[in-house]
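Asks: Below are the structure tokens for one structure; questions will follow.
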Amino acid sequence: MKKILLISDTHSYLEPKLIKHIKEADEVWHAGDIGNIDVCLEIEKLKPFKAVFGNIDDKDIRITYPENLFFKCENVPVFITHIGGYPGKYPAKIKSLIVENKPKLFICGHSHILKVMYDKDLELLHINPGACGVHGFHTIKTAVRFEIEGTEIKNLAVIELGNRTALN
């Protein structure tokens, strides 16, 4: 079993309240718009870390992390990208990658809107953890935690980290 902490859209800000949740996780996954490589380095000191670059990320982040990440966690095929849409509204390129790779868990960021939806047509769980940085239009900083055991994604919970305008 793996305990996953999923974050996105940090925009160069590592929320101090997130540290406790990072320590409780087995792995941390970031769905892009990291902002500053230092965010990654701080998390990597604490836990194994996977990430994709987002549209605001610079050359250093883009050469370190891919645009699209495909891997297996336990027995769950995972696809992470930054700009991915959501069930019924995937960009054509993303939909073809989903159809080709058949993930059971599809993760993206970008919108700053927390969404967890099951896509019946493509038989996958879609998660956008919202945004845990202080830049953007979201009101509350959010992250998502869940567990993967075998082929099951379970114990999913939304973590609210306070008002976007609060710096701690």
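The values are calculated or read from the model by the stated rules, or taken from the named source; none is laboratory data. These figures come from a predicted structure and were not determined experimentally. Glycine also receives a Cβ, built like all others from the backbone with ideal geometry; neighbour counts cover every protein chain displayed. The area values use the complete protein model at the heavy-atom level, side chains included, leaving out ligands, DNA and RNA. Shrake-Rupley method; radii C 1.70, N 1.55, O 1.52, S 1.80 Å.
Asks: Once each part is reduced to its C-alpha centroid, what is the distance from the range 120-152 to the range 40-112 in angstrom?
Replies: Spelled out, the Cα-based centre of one part sits 11 Å from the other.
Asks: Using modelled backbone amide H atoms (1.01 Å from N, in-plane), which distant-in-sequence or interchain residues come within less than 5 Å of Ala51's amide H?
Replies: When sequence neighbours closer than 5 places are left aside, the close amide H contacts are His30.
Asks: Across 5 Å bins from the origin, how do the percents of Cα pairs in the range 81-168 run, short distances first?
Replies: Result, from short to long distances: 3, 14, 23, 21, 18, 13, 6, 2, 0 percent.
Asks: Report, to the nearest whole %, how much of the accessible area of the chain belongs to carbon and sulfur atoms, 1.4 Å probe, protein only.
Replies: Carbon and sulfur: 51 percent of the exposed surface of the chain.
Asks: Suppose we keep just the DSSP beta bridges with both residues in the range 69-159; what percent of those would be antiparallel, to 5?
Replies: Beta bridges within the range 69-159, antiparallel portion: roughly 75 percent.
Asks: What's the angle, to the nearest 10 degrees (0 to 90), between helix 92-101's Cα axis and the longest principal axis of the chain?
Replies: Taking the Cα atoms of the chain, the angle to 92-101 is about 70 degrees.
Asks: Another question, if that's okay. Give a residue-ordered list of calculated ³J(HN,Hα) values for the range 41-49 (Karplus: 6.51 cos²θ - 1.76 cosθ + 1.60, θ = phi - 60°; whole Hz; x for Gly, Pro).
Replies: Whole-Hz 3J(HN,Hα) from phi for the range 41-49: 4, 5, 5, 4, 5, 9, 8, x, 9.
Asks: Can you match mean projected area of the Cα convex hull in nm² to one of these, (1) 8.7; (2) 14.8; (3) 15.5, based on a calculation from the structure here?
Replies: (1)
Asks: Further question on the same structure: Ordered by residue, what ³J(HN,Hα) values in Hz, to whole numbers, does the range 74-90 give under the Karplus form 6.51 cos²θ - 1.76 cosθ + 1.60, where θ = phi - 60° and Gly and Pro are x?
Replies: 6, 10, 10, x, 10, 10, 10, 8, 8, 9, x, x, 7, x, x, 9, 7
Asks: Follow-up. I want the antiparallel fraction of DSSP beta bridges within the chain, as a percent rounded to 5.
Replies: Approximately 65 percent, going by the DSSP bridge assignments.
Asks: Remind me, relative contact order of the range 9-110 in percent, using alpha carbon pairs under 8 angstrom and six or more residues apart?
Replies: Relative contact order comes out at 25 percent.
Asks: Rolling a 1.4 Å sphere over the protein heavy atoms, what is the accessible area per residue of the chain, to the nearest Å²?
Replies: 48 Å²
Asks: Taking K and R as +1 and D and E as -1, what net charge do the other residues with C-beta under 15 Å from the C-beta of Lys104 add up to?
Replies: Charge balance near Lys104 sits at -3.
Asks: At 0.36 nm per residue, minus the direct Cα-Cα distance, what do Glu24 and Lys59 gain on full extension? Give it in nm, one decimal, please.
Replies: Result: 9.5 nm gained on full extension.
Asks: Where is the GNM fluctuation largest for the chain (alpha-carbon springs, 10 angstrom cutoff): Asp60, Asp119, Asp38?
Replies: Asp60
Asks: Now a separate question. Which whole-Hz couplings ³J(HN,Hα) result when phi for each residue of the range 102-112 is put into the Karplus expression 6.51 cos²θ - 1.76 cosθ + 1.60, θ = phi - 60°, listed in order with x for Gly and Pro?
Replies: Using θ = phi - 60°, the values come out as 6, x, 9, 9, 10, 10, 8, x, 6, 6, 6 Hz.
Asks: Separate question: Net charge near Phe71: determine it from the other residues with C-beta under 13 Å of the C-beta of Phe71, scoring Lys and Arg +1 and Asp and Glu -1.
Replies: +2
Asks: Would you mind checking the pairs Lys2/Lys89; Lys45/Lys120; Lys23/Lys120; Lys23/Lys89 and listing those with alpha carbons more than 32 angstrom apart?
Replies: Correct reply: Lys45/Lys120; Lys23/Lys120; Lys23/Lys89.
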